[in-house]
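The values are calculated or read from the model by the stated rules, or taken from the named source; none is laboratory data. Because the structure is a prediction, the values reported are computed rather than measured. No Cβ is skipped: glycine too gets one built from the backbone with ideal geometry, and neighbour counts run over all protein chains shown. Only protein heavy atoms, including side chains, enter the accessible area calculation; ligands, DNA and RNA are left aside. Shrake-Rupley method; radii C 1.70, N 1.55, O 1.52, S 1.80 Å.
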Amino acid sequence: MLKTYVMGALAALVLAPITGQTAPINLNDWTAESYDAVSGFGSGSWAVNGSGGESVYQSVNGQPTIFYSDFNAHGTDVTGSINVSGGDDDYIGFVLGFNAGDSTNAFADYLLIDWKKNDQYYNFGSPSTSPGSTAERGLAVSRVTGVPTADEFWGHWDDAGHTGGAVTELARATNLSDTGWVAGTDYEFTFDFGPANLDVYVDGALEISITGAFNNGAIGFYNFSQAAVTYDAFDVDTGTHTNPVPEPGSIALLALGLAGLGFSRKKKAS
């Protein structure tokens, strides 16, 4: 009887989400990674500011560049702001499920949430081998696989003549699908991400909500052909989309916790 009670209590704790406390993110612990440069478009440059690494500024109008976290994003709720202080009208955004080296990884598989200010056709030079494509203004979520060309990133497409990667658009935002960002404006983004769910909020409004099978990995900031972008005051908490299957170490810790609360045969019998 006691064994059934203990196992039931343990199962309840394992399956229930563990509510954490919001913690500020120190961006000094994050890593920059850029895709191979093409003619006229170099690697990104990320400069962290603040004594606690509160913000980061990306200053180069270059190739897709990513500044990614030192923690995996499954089961997290991450919030912070983004602001473009310069000109141009290209891509700002985020990645989820990104892993170190994915910019050259033939097996990369992560999510990209990017936001274009204006519609624009462009054809990138070598080593991008794809024809030009049109980037549509608005906010969207795509799946990045392999190592896409610059033109595939630009137009969210899979060039049949390039078999090494693709950017497949999954959904566009509810309210911002055809609305570009505005320079000098702070936008607050929230990402609630799990193995099978992603919810993206902008200024408190749910803009993207998708389901699927999503790889674990870092959350990161993303720019493509866009300079003068600041990401600021990000924090992390426990998300609502957590994995119900615990790590073996987590089970052991929960068992110890139950024992400490008095759920042991010896304690119960006394």
Within the stretch 85-105, is there a residue that is closer than 20 Å to T185 by Cβ, over 14 Å from the mean Cα position of the chain (by Cα) and of a type in the set (S, T, N, Q)?
yes
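Under the condition of being aliphatic (A, V, I, L, M) and within 19 Å of Y122 (Cα to Cα), which residue from the stretch 152-188 is most open to solvent (accessible area, probe 1.4 Å)?
Here the answer is A160.
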Being of a type in the set (A, V, I, L, M, F, W, C), open to solvent by 10 Å² or more (accessible area, probe 1.4 Å) and under 15 Å from the mean Cα position of the chain (by Cα): is that true of I219 here?
no
For Y57, are the conditions met, namely being within 23 Å of L198 (Cα to Cα), open to solvent by 20 Å² or more (accessible area, probe 1.4 Å) and not acidic (D, E)?
no
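Tell me whether the stretch 165-181 contains one or more residues that are touching a helix residue (DSSP H, G or I) at 6+ places or on another chain (Cβ under 8 Å), hydroxyl-bearing (S, T, Y) and farther than 26 Å from A218 by Cα.
Here is the first cut: in the stretch 165-181, the ones touching a helix residue (DSSP H, G or I) at 6+ places or on another chain (Cβ under 8 Å) are 165-167.
Keeping just the survivors that are hydroxyl-bearing (S, T, Y) gives none.
Taking every residue of the stretch 165-181 in turn, none turns out to be touching a helix residue (DSSP H, G or I) at 6+ places or on another chain (Cβ under 8 Å), hydroxyl-bearing (S, T, Y) and farther than 26 Å from A218 by Cα.
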G87 vs (1) in a strand (DSSP E or B); (2) more than 18 Å from G239 (Cα to Cα): all pass except (1)
Yes/no for Y35 being within 12 Å of the chain's Cα centre (by Cα), at pLDDT 95 or above and surrounded by 21 or more Cβ atoms within 10 Å (Cβ to Cβ):
no
Give the residue that is surrounded by the fewest Cβ atoms within 10 Å (Cβ to Cβ), with candidates limited to residues of the stretch 189-203 that are in contact with a Gly (Cβ under 7 Å, 6 or more places away or on another chain) and under 15 Å from F98 (Cα atoms).
G194
